[in-house]
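No lab work stands behind these numbers, since they all come straight from the coordinates. As the structure is a prediction and not an experimental result, all values here were calculated from the model. Neighbour counts are summed over all protein chains in view; Cβ atoms, including those assigned to glycine, are modelled from backbone coordinates with ideal geometry.
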Amino acid sequence: MYYNNDWLYNNLCAKDSSDFDIDPISGKNCFIISNNINNRFMIEKTVNKLIT
């Protein structure tokens, strides 16, 4: 399955991204699952984008 900022439940939004180009959405919590991503810089860049 592929999700593109799809709300699965009223408190769970999913996005599949092979390049970790994630735009922030509203919410108080965020979980990033990085499966098969070996580039630590790409993950850190996305986390910093979501925090700011």
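Restricting the range 5-52 to trypsin sites (Lys or Arg not before Pro) that sit in a DSSP loop and have at most 12 other Cβ atoms within 10 Å of their own Cβ leaves Lys28. State the percent of C-alpha pairs, over all pairs in the chain, separated by a distance greater than 15 angstrom. Tail fraction, whole percent: 45.
What net charge do the residues around Tyr3 carry, taking every other residue with its C-beta under 12 Å from that of Tyr3, with Lys and Arg at +1 and Asp and Glu at -1?
In short, -1.
Relative to the Cα centre, the charge distribution of the chain, modelled as +1 at Lys and Arg Cβ and -1 at Asp and Glu Cβ, gives a dipole magnitude of about 200 debye. The chymotrypsin sites (Phe, Trp or Tyr not before Pro) of the chain that meet both conditions, a loop assignment by DSSP and at most 13 other Cβ atoms within 10 Å of the site Cβ, are Tyr2, Tyr3, Phe31.
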